[in-house]
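Visitor: One structure, pasted below without further comment.
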Ligand code: SF4
């Protein structure tokens, strides 16, 4: 059996956050039933093509998957299980907003077999949450974690954001400490990217909000690394930290270029070395458009992806696997770049792996570029 991961996109939200450029649609409650009907048809349609695969991980992302009735989520999982077998220890995650949870919903998720909850906490400062346009308040994060524990979740992630306009180092420290105090198993710490076309980008352009400079962003990242290490969380990817044994298996599949099937609007797939995606537009998805931009990857693209994704992780780039998969040692033709990066303290090579140092991770794009252009 080949391991397969499922990503299931639920594109509905209560309202649009100021920084969001994801495929998410507020105020579309009237389309929920139609959307899930289309999603279930898509799942059923895959059944004949997935012989030999077994689901190792599944992930409900969004949007806000916890906004819709839990019955939709449970039925979606049932359809997936009917389409292909799940490993007995499959990791099944649902992403949620702390403002959309209830004990009943959480118990229904557990009954459906969901064993991991990922909460978009983002900040523990109500002013910052308001400026981000989040629907929840800081106190609801702790409440959501307590409800989830009562419902039987023992694998909980909190997403946190830094580099927010107006965010001080103290506010970031408070957020990290508050997250640690809740005792969750996993933390993701993402730097805000101001995406063009969002209300946040307009505010920045008008001079009403200023994002911190690179030095401040790096200082916030370093604070996360040291604070979380002290609290027993290992940084296993640039933005992700876990207590031992609680690394997110689903995300590790992305970074190791494992196979995954994206279901629903805007979902991306990598299957049999071919990438494709569903339309980001809800209307296009509802009208039946599927599997767009189908592209079988060339060896050069596979190499670029492997380098770019593996160097995000603490495990690093497996040099033995590289030579086996691509027929030449990674160092061939890169001797100069490797020496420069190593002398500069950006990378280290040992035990057959190339890893980025703390400094290297701060400029991962540039390190990858130098290794690609070598
Ligand atoms: S909850 Fe997430 S997906 Fe929904 S609008 Fe906010 S950032 Fe976007």
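Visitor: Determine the relative contact order of the chain: mean sequence separation of Cα pairs under 8 Å and six or more apart, normalised by residue count, in whole percent.
Guide: Once divided by the residue count of the chain, the mean separation gives 14 percent.
Visitor: For a protection proxy built on the mean count of beta-carbon atoms within 10 angstrom, sort 301-312, 28-39, 182-193 highest first, please.
Guide: Order by mean packing, descending: 182-193, 301-312, 28-39.
Visitor: Test of understanding: in a Gaussian network model of the chain with alpha carbons linked when under 10 Å, which of 262, 142, 71 would top the mean-square fluctuation ranking?
Guide: Of 262, 142, 71, the Gaussian network model singles out 71 as fluctuating most.
Visitor: In what sequence, highest mean first, do 150-159, 320-329, 364-373 appear when ranked by Cβ atoms within 10 angstrom?
Guide: The densest-packed peptide leads the list: 150-159, 364-373, 320-329.
Visitor: Counting DSSP beta bridges in region 2-254, what percent are antiparallel, to the nearest 5?
Guide: Antiparallel bridges: around 15 percent, rounded to the nearest 5.
Visitor: Quick check: Cα centre of region 13-49 to Cα centre of region 313-359, how many Å?
Guide: Going from one Cα centre to the other spans 40 Å.
Visitor: Using a 10 Å cut-off on Cβ atoms, rank the peptides 94-102, 290-298 from the highest mean neighbour count down.
Guide: 94-102, 290-298
Visitor: Need the C-alpha centroid separation for region 290-306 versus region 92-147, integer Å.
Guide: Between the Cα centres of region 290-306 and region 92-147 lies a distance of 35 Å.
FYI, it's all coordinate maths here, none of it is from the lab. Only a predicted model underlies this, so the values are computations on that prediction, with no experimental measurement involved. Neighbour counts run over all protein chains shown; Cβ positions are idealised from the backbone, glycine included.
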